[in-house]
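Taking it in order: structure first as structure tokens, then the write-up.
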Amino acid sequence: SLGAEISSYSGLHYGKLISLQQVDGLPDTLMTPADQYYNYTGDKFWTSIYAHELYNVTPKLKAMIDVQYQYKTYAFQQNPRGNFVQDQLNRYGVTWTFFNPKVGLNYSFRENLSVYGSFGRTHREPSDDDLYDTFQGPDDLGIDPLFANADTVTNATGQVQHISWTEPYTKPEQLSDFE
């Protein structure tokens, strides 16, 4: 058996003011109800191909091999809203590739008695919260994504556009299964 999967997801996330209490000394045009106070996109893409083979080695011995290759990307981008401007705007993109093999043998002593053994390895990418855990919500100004490196991106006049993050602290999970 051979197969493949291709998927894409793009999500726009935002928060709107429900009500606003005026504070003395602040202009009343600062923000109005229904204004967005945060806005970000999260784009995911993944593809996977796999092959599965069941082979009769002898009339009593069957061998199984299953291999899968996965390619996954995730991109996060905060858009300017409310206090999220310049050095409070975060962006990152991560890519993962995984090879997930599985092999097994099944030996039949007789029609209703057999023994089976297998080994498999699989992987899983970190969750969104493992990359950017905002604790209380995406409106927590000043919370940094969970990455090792931050680069300040500026325009031609030197004004900060956003912070670009690389090298996530959280690594993919790996599971080895013996049966």
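The values are calculated or read from the model by the stated rules, or taken from the named source; none is laboratory data. Fair warning: this is a prediction, and the values are worked out from it, not measured in the lab. FYI the Cβ positions are ideal-geometry reconstructions off the backbone, even for glycines, and counts take in every protein chain you see. The protein model used for the area step is the full one, side chains on, heavy atoms only, and it has no ligands, DNA or RNA in it. Shrake-Rupley method; radii C 1.70, N 1.55, O 1.52, S 1.80 Å.
I want to confirm something. Restricting to the stretch 125-136 and keeping residues that are of a type in the set (Asp, Glu) and either open to solvent by less than 80 Å² (accessible area, probe 1.4 Å) or modelled with pLDDT of 95 or more (or both), which single residue is farthest from Trp165 (Cα to Cα)?
Glu125
Could you say which residue among Thr122, Thr170, Thr154 is within 18 Å of Gly42 (Cβ to Cβ) and open to solvent by less than 80 Å² (accessible area, probe 1.4 Å)?
Just one listed residue meets the conditions, Thr170.
What is the number of the single condition among (1) open to solvent by 70 Å² or more (accessible area, probe 1.4 Å); (2) within 29 Å of Tyr9 (Cα to Cα); (3) modelled with pLDDT of 90 or more that Trp165 does not meet?
Unmet condition: (1).
For a quick check of your reading of the model, give me the residue pairs whose first member lies in the stretch 85-112 and is open to solvent by less than 50 Å² (accessible area, probe 1.4 Å), whose second is aliphatic (A, V, I, L, M) and in a helix (DSSP H, G or I), with beta-carbon atoms closer than 8 Å and at least 6 apart or on different chains.
From the stretch 85-112, the pairs are Tyr92/Leu131; Val94/Leu131.
Within the stretch 33-48, take every residue that is open to solvent by less than 40 Å² (accessible area, probe 1.4 Å) and under 24 Å from Asp133 (Cβ atoms) and give me the one that is farthest from the chain's Cα centre (by Cα).
Tyr38
On the basis of being free of Cβ contacts under 8 Å to residues at least 60 places away in the same chain, closer than 25 Å to Ser1 by Cα, in a strand (DSSP E or B) and hydroxyl-bearing (Ser, Thr, Tyr), does Ser118 make the cut?
no
Tally time: how many residues in the stretch 49-83 are open to solvent by less than 70 Å² (accessible area, probe 1.4 Å) and either in a strand (DSSP E or B) or among the polar types (S, T, N, Q) (or both)?
Residues that pass the stated criteria total 18.
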